[in-house]
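Remarks on the structure that follows.
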Amino acid sequence: MKIENSLPCSQLPEAPPQTGLQFTVATEEDFDDIMAMSKDIYGGLDYLPSRYQAWLQESNRTVILARKQGKVIALESVCVIDDGETMLVEGLRVAPQERGKGVAGVLLRFCSQLVKSKYPDVKVSRLTRDDQLGPKDFQKYRLITKQGILLVRFRAEDLKLRLGDLGPNISVAGEALSTANIPVCLEPAEVHQLFLSDVLMQDVLPNATIVQDWQPFKPLPSNMAILMKKDIDWMVDDAKRPTMTSLCTFPFHVPIGDDWYYLNIDMFGKNLTLAIQQLLCHLRRHTGTLKGYVMCQVFMEPALWKPMAEFFRETLKVELVKEYTEQCVVESDVI
Ligand SMILES: CC(C)(COP(=O)(O)OP(=O)(O)OC[C@H]1O[C@@H](n2cnc3c(N)ncnc32)[C@H](O)[C@@H]1OP(=O)(O)O)[C@@H](O)C(=O)NCCC(=O)NCCS
């Protein structure tokens, strides 16, 4: 299922002439131009600078650039997953001066046709959005699942001290956290066994979807092979009968400053106490040795957002960066 990232530029079909665009496959040399047009994205918290080199190496991914008179003005990455049936769209961006002119629409359609021509088995296109979707969007997309996004910011050293001060006696909504249910960190073989079991995970994963760091995967062996290559801690409350699971993506740099990191934790399940126990484990494991500032995104069942936000504010004394927003995994047919 390899999309040739090394495809020579000349092999890409031409853009419709009225658009005045050319499309090329992104290379290492394009990095500076891409960063130049991405400066304002996500308030300096763009993940792409950290991911770009790795993306170019991924065998199932291709990164396409749109150029105007040779200059890079837009980017989209497409990745074929779910046993070749899904095209995952990521990284979409258009240079600020070119927005609002339909460039994203042209690029999305071009990439969709390109993938379909090379991979006729691709049936759907999936993407994850965190902007407000309206009725017009839902004419185009089916909603696969949604998670609440809790974005908090702290200095790793401060959180480490705070976690140390808290000791074992932590209470959530007036109840002491039980020491009986210590979260379990899964070994790779256990991850495979558990996540490929429909029976065990059907009540835990929303709409049978593992969303890891914004990427939605169906629990299939081919997807597990992709996931197992990544730096992730997989946690459950009970390795035999899980009701809550969480995936913590190891911290990575964001370009806002040298000592800034992203820490993303995807949580699935509905139990607040179990969620907080896993959250604390992930925070202890990953912020203990970090030095600097952390933007931590926790994705969870929407109903858990409010009490979880309160826990961050009141117990961990951590600042919320924004109020409730949603991560929506959406899908449309590729025709
Ligand atoms: C979002 C963005 C790419 C839209 O670019 P644009 O060229 O102004 O968009 P267009 O004029 O083509 O019109 C919007 C089209 O893009 C789609 N679109 C808008 N936001 C989108 C998103 N986040 N993901 C996918 N598609 C999106 C719209 O549905 C519409 O599609 P249509 O032509 O089928 O109706 C651009 O504003 C941008 O770069 N923003 C900053 C980066 C960002 O937020 N990226 C999205 C998340 S990765």
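The values are calculated or read from the model by the stated rules, or taken from the named source; none is laboratory data. The shown structure was predicted, so the numbers you read here are calculated from the model rather than taken from an experiment. Glycine also receives a Cβ, built like all others from the backbone with ideal geometry; neighbour counts cover every protein chain displayed. The protein model used for the area step is the full one, side chains on, heavy atoms only, and it has no ligands, DNA or RNA in it. Shrake-Rupley method; radii C 1.70, N 1.55, O 1.52, S 1.80 Å.
Report whether or not Leu186 is modelled with pLDDT of 95 or more, assigned by TED's automatic domain parsing to the domain that holds Lys322 and under 16 Å from the mean Cα position of the chain (by Cα).
It is false that Leu186 is modelled with pLDDT of 95 or more, assigned by TED's automatic domain parsing to the domain that holds Lys322 and under 16 Å from the mean Cα position of the chain (by Cα).
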Residue satisfying all of: in segment 60-75; open to solvent by 20 Å² or more (accessible area, probe 1.4 Å) and part of a strand (DSSP E or B); nearest to Met35 (Cα to Cα) among these: Lys71
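Residues checked against (1) among the hydrophobic types (A, V, I, L, M, F, W, C); (2) under 30 Å from Glu331 (Cα atoms); (3) under 15 Å from the mean Cα position of the chain (by Cα):
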{"residue": "Ile226", "(1), (2), (3)": "yes, yes, yes"}
{"residue": "Val236", "(1), (2), (3)": "yes, yes, no"}
{"residue": "Ser246", "(1), (2), (3)": "no, yes, yes"}
{"residue": "Ile256", "(1), (2), (3)": "yes, no, no"}
{"residue": "Tyr262", "(1), (2), (3)": "no, yes, yes"}
{"residue": "Ile265", "(1), (2), (3)": "yes, yes, yes"}
{"residue": "His282", "(1), (2), (3)": "no, no, no"}
The lone exception for Glu175 - which of (1) assigned by TED's automatic domain parsing to the domain that holds His253; (2) more than 24 Å from Leu45 (Cβ to Cβ); (3) at pLDDT 95 or above it fails: (3)
Residues of segment 302-311 that turn out to be in contact (Cβ under 8 Å) with a residue 24 or more places away in the chain and either surrounded by 20 or more Cβ atoms within 10 Å (Cβ to Cβ) or basic (Lys, Arg) (or both), as a count: 4
Matching residues in segment 109-139 - criterion: being in contact (Cβ under 8 Å) with a residue 24 or more places away in the chain, within 14 Å of the ligand (Cβ to nearest atom) and either assigned to a loop (DSSP other than H, G, I, E, B) or closer than 11 Å to Val334 by Cα (or both): Cys111, Ser112, Gln113, Ser125, Arg126, Asp130, Leu133
Which listed residue, of Asp46, Asp33, Asp40, is over 23 Å from the mean Cα position of the chain (by Cα) and assigned by TED's automatic domain parsing to the domain that holds Val106: Asp33
Within segment 152-270, helices (runs of 4 or more DSSP H) holding 1 or more residues that are under 21 Å from Leu127 (Cα atoms) and open to solvent by less than 20 Å² (accessible area, probe 1.4 Å): 221-228
